[in-house]
Amino acid sequence: GAASTRRAGSPAGLAAAGAHQPAPGGGHYWPQKLGGPSSSNAVTFAASANFSAPAWIWPNVHDDCSGFFSTLIDADMNVYINAGGWDSAQGEQIRKLDADGQVLWTFGRPSVAVGAAPALYGDSLFVFLRDPLNGHCMELFSLALSTGIVEWSRRYPEYRWSGEEPSILVDNGTVFFGAARNVPVGTDTIIAVSSSNGDLMWEYEADEIMWNFKPSTPGDGSLIFASSCGAVFRLSPAGELMWRAGRHHGFYLCAPTGGALGPNGIFYTEFRERPGDNRVEDPSETLAAYRVSDGSLLWQRHLPQPAADYPAVGRLGPD
């Protein structure tokens, strides 16, 4: 894990690549999967357009490539990756690399895997570990960004890992994550805990299955997410249902799809409404747009190809 970084192409890494734009609001550049709690792959800052050669290459000497979730980038352009198999001697690990690709610290536990895409929030990194040898018991860790030292950890034996690739969302002092309670796989229960100590704040049991659970927030403490079959939920800061849109499908896994929040007060969801082989086109393949304020349907379109992912929302071009 402490192998030196080999530079390629340009003689300098990110730190010496020129003055970079500060992250919006003084926060982190890429704090969570798909960018952040209120966006989906869209950013307000410019990145280098020179892809002729990498600035640096981290030598993955242990071939630890089986556990990648989303790469994160903090306000100082440090990079956080997770890699490695839970069945290896060191388990799956989180590594912090600086802007020139040097490993600063490593965190992990033997025979334990990362159970959800981690998240940066303030001066901490939030990581879920699951123990495959102990019923996939879930434990949330808060790590100090500067050192990787554990600030606190909390186990949640009452919840089961959902058998997918879910994400942690952290916003307004709250950590949100999903778990399986009434279904064998997938997320049907959403949990909110304090980012200060992991204390339970509330939980909400949905009547549908979310897959690769990735919620969003409009920034007011509420939470919005979509099921694999197209139902959309918005929860209040207290975990109460504000509105629900779309049909009722029950506990079916229709496709590995979900929803994404746009910068225009609209939530977009991609889905199919029948279980089946998502590689085969179905008449129910749909992209729909809902108003965040009240859940009203603005429009929907049939997709000519199988729905198979979360949508990405952003601007194409200067206008």
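Numbers for the structure displayed
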item	result
Subset of segment 257-274 (residues that are touching a residue at least 60 places away in the same chain (Cβ under 8 Å) and outside any strand (DSSP E or B))	G262, P263
Among (1) assigned to a loop (DSSP other than H, G, I, E, B); (2) in contact with a Phe, Trp or Tyr (Cβ under 6 Å, 6 or more places away or on another chain); (3) loosely packed, with under 15 Cβ neighbours inside 10 Å, the one test that S153 misses	(1)
Filtered residues of segment 200-222 (kept if in a loop (DSSP other than H, G, I, E, B) and in contact (Cβ under 8 Å) with a residue 40 or more places away in the chain)	W211, N212, F213, K214, P215, T217, P218, G219, G221
Criterion: within 23 Å of the chain's Cα centre (by Cα) and open to solvent by less than 70 Å² (accessible area, probe 1.4 Å) - qualifying residue of G250, G317, G246, G239	G239
Checking V292 against (1) modelled with pLDDT of 85 or more; (2) surrounded by fewer than 20 Cβ atoms within 10 Å (Cβ to Cβ), the condition it does not meet	(2)
Hits in segment 158-182 - residues which are surrounded by fewer than 19 Cβ atoms within 10 Å (Cβ to Cβ) and polar (S, T, N, Q)	N172, N182
Sole residue being over 21 Å from S293 (Cβ atoms) and open to solvent by 20 Å² or more (accessible area, probe 1.4 Å), chosen from V185, V193	V185
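A quick yes/no check of all residues on (1) among the hydrophobic types (A, V, I, L, M, F, W, C); (2) touching a His at 6+ places or on another chain (Cβ under 7 Å); (3) under 21 Å from A42 (Cβ atoms):
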position: C229; (1), (2), (3): yes, yes, no
position: G239; (1), (2), (3): no, no, no
position: M242; (1), (2), (3): yes, no, no
position: G246; (1), (2), (3): no, no, no
position: F251; (1), (2), (3): yes, no, no
position: P256; (1), (2), (3): no, no, no
position: I266; (1), (2), (3): yes, no, yes
position: R272; (1), (2), (3): no, no, no
position: T286; (1), (2), (3): no, yes, no
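A quick yes/no check of all residues on (1) touching a Ser or Thr at 6+ places or on another chain (Cβ under 8 Å); (2) over 25 Å from W30 (Cα atoms); (3) touching a residue at least 12 places away in the same chain (Cβ under 8 Å):
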| position | (1), (2), (3) |
| --- | --- |
| G108 | no, no, yes |
| D131 | yes, yes, yes |
| S142 | yes, no, yes |
| E165 | no, no, yes |
| T174 | yes, no, yes |
| R181 | yes, yes, yes |
| P184 | no, yes, yes |
| V193 | yes, no, yes |
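The values are calculated or read from the model by the stated rules, or taken from the named source; none is laboratory data. All values derive from a computational prediction rather than experimental measurement. Virtual Cβ from ideal backbone geometry, glycine too; neighbours counted across all protein chains shown. The accessibility values were calculated without ligands, DNA or RNA, using every heavy atom of the protein model including side chains. Shrake-Rupley method; radii C 1.70, N 1.55, O 1.52, S 1.80 Å.
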